[in-house]
Amino acid sequence: MNYSNNNISNRKDNTMILNGQGKVTAIPDIAILRIGVQTTGDNLTEVQQENANLSQSFLDAIQQLGITDIKTFQYVVEHLYDFENGTRIDRGYSVRNIYEIHVSDMDIVGSVIDTAVNAGANVVDFINFEVSAIDMYYQQALNLAVQNAYQKANSISHNLGITVNPIPARITENSVAPVPFSAVFSTRERTAVTPVEPGTQDITASVTVEFIY
């Protein structure tokens, strides 16, 4: 993003170029889970059928929690083998079926994970925490960054004894909107609901402002 004040672009004044930083802290309100089933065996048809049965079992279970935003993320069939003394030994097949699940109620994220695992899922890849209104928070951070640069300009002007307020002639955006935070989870035996804490996400912005005075 670049902004120029055309009304003053032709003025021959003193200039100062300053950087501004802005930060807004937001609480994620969306969780994106990738959960699935991996099965292995000697007969590919049987391995695929077992995988399909377990996948449908855990999908039915989490849908009973009100989860409907589900899509296939990955489906991989692999032929497994090892080499011993230069000879290839067949180890059967592996089928991996991963689903992407969006959860908007942060209070039930742990229950969704546990329900899926208890119903047959044996792969929990990771969870992404996202802020749905990320653009709104980023715009707020940008505004704070511009204000920060303006405060610096005013402070410098005051210390130099300049009586005219600095005027922003050009604003350059140096930052980009943030990417979602991700955390890795592994499956394990559970005796209680898996604790899931989304924490907070700092959304920052940076600008360079050219002032005239």
Can you name every residue in region 91-109 that is part of a helix (DSSP H, G or I), surrounded by fewer than 20 Cβ atoms within 10 Å (Cβ to Cβ) and under 18 Å from the mean Cα position of the chain (by Cα)?
-> Met106
Take the residues in region 74-112 that are acidic (Asp, Glu) and under 21 Å from Ser132 (Cβ atoms), then tell me which one is modelled with the lowest pLDDT.
-> Asp107
Please enumerate the residues belonging to region 97-122 that are out of contact with any Gly (no Cβ under 7 Å at 6 or more places or on another chain) and not hydrophobic (A, V, I, L, M, F, W, C).
-> Glu100, His102, Ser104, Asp105, Asp107, Gly110, Ser111, Asp114, Thr115, Asn118, Gly120, Asn122
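The values are calculated or read from the model by the stated rules, or taken from the named source; none is laboratory data. It should be emphasised that the depicted structure is a prediction, and the values quoted were computed from it without experimental measurement. Backbone-built Cβ (ideal geometry, glycine too); neighbour counts: all protein chains shown.
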